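Read through the structure below, which is laid out as structure tokens, and then see the notes.
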Amino acid sequence: MQSHLESDLKELRETFRSGKTKESSWRISQLQGLLHILEDRENDISMALKQDLGKHHVEAYRDEIGTVVKSINYALENLKQWMAAKSAKLPLAAFPSRGELVPEPLGVVLVISSWNFPIGLSLEPMIGALAAGNVVILKPSELAPACSSILAETIRDYLDYTAVKVIEGGSDIGERLLQHQFDKIFFTGSVRVGRAVMSAAAQHLTPVTLELGGKCPAVVDSFSSSWDAKIATKRIAWGKFGACAGQACIGVDYILIEKKNVSNLVELLKRYIKQFFGDDPNGSHSMSKIINKKQFSRLKSLLNEPMVKSSIVYGGLLDEEGLFIGPTILVDPPLDAAIMTEEIFGPLLPIITLKRIEESIDFIRERPKPLALYAFTKDQNLHKRLVSETSSGSIMFNDVILQYAVDTLPFGGVGGSGFGRYHGKYSFDNFSHEKVVVTRSFFIDIWFRYPPWDDKKLQLLKSGFRYDYLSVVLIALGLKSKG
Amino acid sequence: MASEEQVKNSAFDTEAANCLVKELRATVITGKTKSYEWRVSQLKSLLKMIEERDKQICDALFSDLSKPEMEAFIHEIALVKNSCKVSLKKLKEWMKPEKVKTTLGTFPSSAEIVPEPLGVVLVISAWNYPFLLSVDPVIGAIAAGNAVVLKPSEIAPAMSSLLKKLLEEYLDDSAVKVVEGGVSETSALLEQKWDKIFYTGNGRVGRVVMAAAAKNLTPVVLELGGKSPVVVDSNVDLTVTARRIIGGKWACNNGQACVAPDYIITTKQFAPLLIDSIKHELLKFYGEDPLNSPDISRVVNSDHFARLSKLLDDDKVSGKIVHGGQTDKSSLKIAPTIVLDVPEDSLIMNEEIFGPLLLVVTVEKIEDGIDFINSRSKPLAAYIFTNKKELKEEFVSKISSGAIVVNDISLHLMVDTLPFGGVGESGTGAYHGKFSFDAFTHKKAVLHRSFLGDAPARYPPYTAGKLRLLKALLDGSILGIIRALFGWS
């Protein structure tokens, strides 16, 4: 197994050195290969997602297959433009010269993905890596084994195996991989492992992107229109329970709302939960299951803390064997309980009540910067304050999660939620080096740039730096002495 | 919590660093540093500082590096002033949110990207351009609305203490601080949680900085170095080439610059001509006794002097000196020295020289130079002198480096519209001009939706019809959406 890894890396480096992956035709062929995987093997992929996470195939399509197809098409449409050198304006003092920014691949990149959106979070970064002309190693999460397996099989069959490899396995293979030098590491996962990845990368000065998580709050204002209140609640319910059962880095973690609106909110939430999942969410097959026993136990223990249990107002269904937790709502669990200090990553929805909705700003600021912040409001002032007084990877008004699907918006965290970004052109840029190329001619060499130094040269340079060309000419001609 | 006086007088340890960061975070929370007015006031103050104290700055540079006034002016003062001015001129534009297009899939919606400060940032600078490499990143940090701690290099002590004095006098000391010191002070700072660390220096310490940053998931910019090669083709204007090489090597802090030419690659036949031309121009620049010329910086200190002397004293190298080689330990001066074709395994061929020694490596065909460079780590800058279009294009497409300059040396770092940074071993991230602002900014994605336009297709319970509609929505095709809505697909 050890020598396999080394020989794989050697092969990848040689492929990169050959220059093959730099050609636009190669990049296009790989992106089209990814497209074919998703078209030809849609059913197999859906089944793998069903097996690993109990995902309904419509949810699988919506969140993992369809979005990736969209991203690949976007990359194919724009690749030529992204690959083109951009010319940079240079000041006259640098005349005659030309400046350009030339994007080039970094080389051998490592993509480490997580288990909650195992297909999407593996393929989205790969689109960027391949579009930018790199060779890639993908290390999918071993916690979603069926998906890891289907990825390994399809990538081997549809893509250029001398340039793109999938290495399956757990933390031991992950650690072995991290001992090697890569030209970039793209990591999606937890804070704990993110730290380990960056520490390992530091030994080789490998640049990294860390897509982590956090507690994404949803601020819910008061609404005069019941339509608005219903839509807001429906979207939140979807953003919590309908996206991998809350196991999503940009899923809604908790709600902030004024005390007077809580009972209405809870009633509406119950209504929509029923509408989405029927009376028996477990049997509905429309809600994902918890990935494994470890996560299940973790979520169970979040609920078992003394004051937390008593704050449950709905749900609490725990099916350990089926690894299923029903939609659960809590009102005002203690703020120092684990459910309010750790990222929940499950279908438990705490509602925190406030006297005035403006208090949500301080509440959010006192806590680590989340990957996403959601706010449902028509109040322009609150809107403005939330944008300018809080910080998060992204902020979305009146809906949830959709920012993930917008190719023109950078997707990434800040502070504890990570750094670096991707999607659309940002993916291409993430895996590229923007190389500066400046070309001068031999004609016109400015004699006063060189020693030996004297006062006249100093004055000329001072004028030159101020772009005061008239003074430059006058001083050079001896008609002026000070620049 | 230690009072300011106590902090100044006692050793700067972890506790002191912790207090410092706490104080800066308290400033940031007030929102003061975010305001346009505050940023402008600080930048204007910096400009004033440079204009009023330029003599003191030059004196400190002379004390630390024997840097000639001209170099101090061109490479440090003028560039920093320009940086301030560009930032002042463009700040409003840089701070404006950028509207972006959204697709049918999220209709109706509007989106923008809002730049916001990261928070409290740490700038660690180097000794060779101690004014430029300290203040330029600080300008970026301030322009982007952050609070900043500057840790200047202790190897340039006169500048370090001048920076402490001047920045505290001219800038808002509730948001901009200078911490002087060496390894232990830097370590104490690195243990804190920063929102960004900007480091200029070498790869060894760069690794330490990144490893420390990893503990707090702090993003970093690492401006490092490497062996910057110069490929010289034979059909070039020899005089201009020689002048530009000298201008980028010995006239830049005596070769102690991250983008200074480290080694030249040229053909066996052309090497003697090139070396002669360089010798000829060196005489014009520095006279008969370059060791004592006032127009050239000295080696910064005795440690580096010993390091450079050792590179020359190596048996395999000392016999290959074709020009210069004189040293004067008392004045820490080494004459401009050219060394020809040293063995590949000698130390001087494998470490960044960072001094007044220039290697010449000869090859059979000039194209071999490209493979030679590619067999080594990616440098911060790579240079080529040629008039042949194909050679230039091959060089540009095959060599990966922070930057490539054709027919000149180092020009790119004087241009604020070009990003300055490395790749691979030469670093990560970039700055200068708007790139400085961006380096210290978080670009927050903001998406607005209305309460109308709710697609039932996204919600459970899931049906085949919903799946069709979703496919059409993600495809962005109107026809597909209409057909799906009517159940025709």
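At-a-glance table
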read-out	value
Fraction in percent of alpha-carbon pairs per bin - 10 Å, the protein assembly as shown	2, 11, 20, 23, 19, 13, 8, 4, 1, 0
Degrees separating the helix A:66-83 axis from the principal Cα axis of chain A, which is the longest one	0 degrees
Under 23 Å from the Cα of A:LYS10 - lysines, other chains or at least 8 residues apart	A:LYS20, A:LYS22, A:LYS139, A:LYS165, A:LYS184, B:LYS378, B:LYS398
With at most 14 neighbouring Cβ atoms within 10 Å, loop GluC sites (Glu not before Pro) (DSSP) excluded, longest segment of chain A	A:24-319
Dipole magnitude (debye, nearest 20) for chain A, charges at Cβ of Lys, Arg, Asp, Glu	1740 debye
Fraction of beta bridges assigned by DSSP in chain A that are antiparallel (%, nearest 5)	35 percent
Sites matching chymotrypsin sites (Phe, Trp or Tyr not before Pro) across the stretch B:397-489 that sit in DSSP coil, with at most 12 neighbouring C-beta atoms within 10 Å	B:PHE486, B:TRP488
Cross-link pairs beyond the 31 Å C-alpha cut-off, checked among A:LYS80/B:LYS34; B:LYS92/B:LYS392; B:LYS227/B:LYS316	A:LYS80/B:LYS34; B:LYS92/B:LYS392
Percent antiparallel among DSSP beta bridges (both partners in the stretch A:217-412, rounded to 5)	15 percent
Within chain A, longest stretch free of exposed chymotrypsin sites (Phe, Trp or Tyr not before Pro) [DSSP loop, at most 14 other beta carbons within 10 Å]	A:162-442
Interface residues, the stretch B:206-233 - accessible area loss of 20 Å² or more versus chain alone, probe 1.4 Å	B:ARG207, B:MET210, B:ALA211, B:ALA214, B:LYS215, B:LEU217, B:PRO219
Degrees separating the helix A:380-389 axis from the principal Cα axis of chain A, which is the longest one	60 degrees
Karplus 3J(HN,Hα) series, Hz, for the stretch A:336-343 with 6.51 cos²θ - 1.76 cosθ + 1.60 (x for Gly, Pro)	9, 6, 4, 4, 9, 10, 9, 5
Spacing of the two label points (7 Å from each Cα toward its C-beta) at A:ASP319 and A:GLN181, in nm	5.3 nm
Kirkwood hydrodynamic radius (C-alpha pairs) into Stokes-Einstein, the stretch A:217-412, 37 °C and 0.692 mPa s, D in µm²/s	194 µm²/s
Longest exposed-site-free window of chain A, the sites being trypsin sites (Lys or Arg not before Pro) in a DSSP loop that have at most 13 other C-beta atoms within 10 Å	A:90-354
Rounded to the nearest 20 debye, dipole of chain B from Cβ charges on Lys, Arg, Asp, Glu	2320 debye
Normalised contact order of chain B, rounded percent, pairs of Cα under 8 Å and 6 or more residues apart	17 percent
Per-residue HN-Hα couplings for the stretch B:360-377 [Karplus 6.51, -1.76, 1.60; θ = phi - 60°; Hz; x = Gly/Pro]	10, 10, 9, 10, 5, 10, 4, 5, 4, x, 5, 5, 4, 5, 5, 7, 10, 4
10 Å Cβ neighbours from other chains, averaged over peptide B:464-470	3
Projected label distance in nm at B:LYS90 and B:LYS316, using a 7 Å step from Cα toward the beta-carbon	4.6 nm
Long-range amide H partners of A:VAL164 with built H, under 5 Å	A:VAL136
Gyration tensor (Cα) of chain A, equivalent ellipsoid semi-axes in angstrom	48, 31, 19
Accessible area (Å², per residue) of the protein assembly as shown, counting only protein heavy atoms and a probe of 1.4 Å	37 Å²
Trypsin sites (Lys or Arg not before Pro) restricted to the stretch B:52-106 and DSSP loop, no more than 13 other C-beta within 10 Å	B:LYS101
Kirkwood hydrodynamic radius of chain B, Cα pairs, Å	25.0 Å
Area accessible to solvent at B:HIS412, 1.4 Å probe radius, in Å²	0 Å²
Sum of -39500 (n - 2.57) over DSSP H runs of 4+, divided by residues of the protein assembly as shown (222 nm, nearest 500)	-13000 deg cm²/dmol
Area projected by the alpha carbon convex hull of the stretch B:359-406, averaged over all directions, nm²	3.4 nm²
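The values are calculated or read from the model by the stated rules, or taken from the named source; none is laboratory data. Because the structure is a prediction, the values reported are computed rather than measured. Cβ sites come from the backbone with ideal geometry, for glycine too, and all protein chains shown count toward neighbours. Surface accessibility is based on the protein's heavy atoms, side chains included, excluding ligands, DNA and RNA. Shrake-Rupley method; radii C 1.70, N 1.55, O 1.52, S 1.80 Å.
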